[in-house]
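Okay, so here's the structure we're looking at.
Since every read-out is calculated from the coordinates, none of them should be taken as a lab result. These figures come from a predicted structure and were not determined experimentally. Ideal geometry is used to build each Cβ from the backbone, glycine not excepted, and the neighbour counts take in all protein chains shown.
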Amino acid sequence: MRTRSRHAAVGGIALALSVIATFLVGPTTATAATATNNPDFSANVMAPLEVSDWTQFSNQLATVEAYGVDAVTVDVWWGKVEAAGDNQFNWSYYDQIFQVITSRGLDIVPIFSFHQCGGNVGDTCNIPLPSWLWSKYQGATLNGVTLDINGLKHRSEQGNFSSETVQGWATPLVQNEYQAFTQAFVARYGTTYATRMQEINVSLGPAGELRYPSYNSHDSGTGYPTRGALQAYSPLAIKSFQQWALAKYGTLAGINAAWGSSVTAITQVQPPSNAGFFFSSGDYRNTQYGKDLIDWYNKSLVDHGERMLDTVLAALGSSFPGAEIGYKIPGVHWSMTGPTPRAAEVTAGLIQTSVDMYAVSTGRGYANIVGLANRVADSGRGVILHFTCLEFNDENFAPQYSQAKTLVGWVGAEAGRQGVKIKGENALAGGITSNTGWDNVNQAFDSFPYIGMTVLRVGEVASGTGATRYAQFIQKYRPAGSSWNSLYVRGTNNNWGLGTPMVKSGDVWTATNVSFGTATNQRFKFDVRGDWTLNFGGTGLSGTAVQNGGDIAVTPGTTYTITFNEVTKAYSATPTGSQPPQGQGVTVHFAEWQSATSYSIHTWNGISGTFPMTYEGFINGRHWWKVTLANAPTSFGFTFTNSNGNWNAPDRQYANQASTIYVLPGSATIYTARP
C-alpha cells in the first residue's frame, strides 16, 4: 500500500495552489499535536452512498487529490453485491468506482458494509440486506433457540424488529457469510488493488458503527435527542442474558441474593419489562440488576465486534498486506446529563454503568469498546478506531443535553491511554462546511491523539469553506519530509515507462541497477506520480533537480544507482557497472498469482526450455520465486507456469534491462528493483 502521507503536502501543495488558489489563505500554525508530522496521519473523504453522476464524482476527486487527500472510503454494500442470491456476487459497480478513484491517484478504503443503507441520518438510498438471508436461517438453532423468520434481527423494548443488521447474538451462526463475502472480495481485487487499499473498515452495526440500533427507524420516538430504546429482547438476546447471569452468580440463589429478586427458574431472568421506569428511576445505573444488565449488553456488543473482526481478518489472510483494519463507534453525544444521564450511550451499548462513568481510569465508561482494538491487534495488521462528531460544540441544556465536544475528548483520551490509534470523522455532512465545525475539528486534533480525518462526504470539501479548511487542515498536520507516495526513473532504459520504481528511506528515494543501452543519447527523468504531472529533470549526473527540467544524460552501456531527495531535490546517478554481456547469468524473480507447490519459467527466442524456480519467501507482501539463467543471451522471451498447470499471461521480453529483474503476475513490465 502507498504510504499514509500524500505527495500534496510539499510538492503537491504547489500544484494544489494553482488548482484551488482561492482555498488557501494560509495554514493554521500547527501545535504539538499527536497528528503533527505523524507518519500515520491520513486525510480521507467518503464517496457518496451510491455514485450517480460519475463525471461530477471524478471532478471532485481531482480537486481533493490536488490539495492532499489520501484516500476515498467506499461502502461495499453486502445487499448490493450479493443481492441476486447466496454466493452470487456482482462486483460491477465496484469495478467502476475503484478504477475511477485510483485513476485520480487516490487510494481506497473499502467499508465492508454488512448493514442496510436507509433509515439513518443522511441516507439517500435504499439497499437492504440480501433478501435471501432471513429465510436461509429460519429453523436454525443456536444456544438452544430455534429461529423464526425474525430470528436474526434485533428486537427492541417496543417489540419491534430491526432488519438493518444481523444482531450480534446471531453472529456465530452467520459469520460464515461475512467470511464468504471477504473471500470473494479478495478474489476479485486482491491482485489488481493489492497495494491500493489504505485500510479495510468493517461495519459492525447500523450505519457501519459498533452499536445497537437504539435510535433507528424501526422504533417510535427514539431518535435524537431521546435516550433511544434497548435492543435486548430477541430470544437469542434473552437466552444470552440468562446464561451470563447464571455464569456470574452460579445459582438462582446467587442471582436472587445479588438482585434482591425471587426468581425460581432461569427463564424468569429477563430484561426490564418496563424500560421507561428502568431509566427514569435510575435503576440502569444504581441497582445491581441494572448494572449487570448493562454490563452484559456492553460485553455482548464488544464480543460481537471482536468475532466479526476476527472473521474478516482470517478471511483476508495475507492479501492487501499494507492495509490496516478499522472499525467505528458513534458519537452518541446527547442525553449525557439531564434526568437520565448517559442513557443514550447506554441503549446504544457503548458504555458500562457498573464502573465510575466519569473516571479517567474507566475511559468514562468507554474502556471496553475502545479496548476492542487491542483484542484484535495480534493479527499482524494495524488496527484503527474511528470516532464521529468531531465538528460539534457542547449544548448541555434541554432537551438535548449534548456534550459532543467533551465526548470527543473523552474517547480520544481513552484511546491514547490504551495505546489505540484513533481517527476522527464529522457526524453530519453540513458540519464541515462551516468555520465553527472546522475550528472544533482542529481543537480535537490539537488536544487529543487523533491522527487522521475522514470527511463525510467528498462533495462537502470539493469547493467553498469545506475545501478551504480541509486543505489548511492537511497542510497543518501533514508529516514533513514524507510527502510523496511514489517516484519513478523514466527514460531510455525502460522506454520511458514505469518499470523502474524507486524505493524510499526517509526523504531519499533510490533505484539500483538501472541499466542503459549501448545506443547513443541515453537519458532519464524523475516522475512523481507516473503521469508526468509532477516531474523533475536536471543537467549532469548530480545536482539539484528542476521541476519540468530537461532530460538527464547518462553514459551508454552503463548501470547506475540513482537517488533523489524529495525535500532538497538533490539527485545523483552513480555508475555501478556495465550491462550484462552475452553469456552472463540473469536472475529472474516472479511473484506468484496463485498458491502452487512449484513454479517454472518458460523461455524462447534466444534460450529455449522450461526451468524450475526456487521459492525465496514472502517479501513486500508477496510470495516470490526465483531462477538464475546461466549464460543467458541479451534478449529472450519468457513467461511462467505452475504445478497447477496454469500459465500467467502476458508474454515478457528480456532486453538487457539488468542482471537481476523482477516480474509481477499479469504484467509485462520488467522491474530492476523489487516492487
Once you've got the Cα coordinates, tell me which of Lys153/Lys328; Lys423/Lys569; Lys291/Lys328 are over 29 Å apart. Lys423/Lys569
Give me a comma-separated list of calculated 3J(HN,Hα) values for the range 239-251, in order, Karplus coefficients 6.51, -1.76, 1.60 applied at θ = phi - 60°, integers in Hz, x for any Gly or Pro. 4, 4, 5, 4, 5, 5, 5, 5, 5, 6, 9, x, 9
Mean separation of Cα contacts under 8 Å, 6 or more apart, over the residue count of the chain: relative contact order %: 13 percent
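Tell me the relative contact order for the range 485-568 as a rounded percent, counting alpha carbon contacts under 8 Å between residues six or more apart.
Working: 187 pairs, mean separation 26.7, N = 84.
So the answer I get is 32 percent.
Based on the Kirkwood radius over alpha-carbon pairs, what is the Stokes-Einstein translational diffusion coefficient of the chain at 20 °C with 1.002 mPa s viscosity, in µm²/s?
Numbers: Rh = 27.4 Å.
Diffusion coefficient, whole number: 78 µm²/s.
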With Kirkwood's inverse mean 1/r over C-alpha pairs for Rh, give me the Rg to Rh ratio of the range 49-89, two decimals please. 1.15
Stokes-Einstein diffusion coefficient of the range 475-570, Kirkwood radius over Cα pairs, 10 °C, 1.306 mPa s, in µm²/s: 117 µm²/s
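Report the local net charge at Ser240: Lys and Arg +1, Asp and Glu -1, summed over other residues whose C-beta lies under 14 Å from its C-beta. Walk me through the intermediate numbers first.
Numbers: positive: Arg155, Lys239, Lys248, Lys299, Arg307; negative: Asp292, Asp295, Asp303.
Within the 14 Å Cβ shell, the charges total +2.
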Rounded to the nearest 10 degrees, the helix 435-447 long axis (Cα) sits at an angle to the longest Cα principal axis of the chain of 80 degrees
Degrees between helix 288-316 axis and first principal axis of the chain (Cα, 0 to 90, nearest 10): 20 degrees
Across every pair of different alpha-carbon atoms, what Kirkwood hydrodynamic radius in Å does the range 197-246 reach? 13.1 Å
Shape call for the range 563-675, from the Cα gyration tensor axes a ≥ b ≥ c (a/c under 1.5 means rounded, otherwise prolate when a/b beats b/c, else oblate), comes out oblate
Which distance in Å, rounded to a whole number, links the C-alpha centroids of the range 297-369 and the range 39-75? 27 Å
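So how do 147-159, 545-557 stack up, highest first, on mean other-Cβ count within 10 Å? Show your work: numbers first, answer last.
Values: 147-159: 20.2, 545-557: 15.9.
Result, highest mean Cβ count within 10 Å first: 147-159, 545-557.
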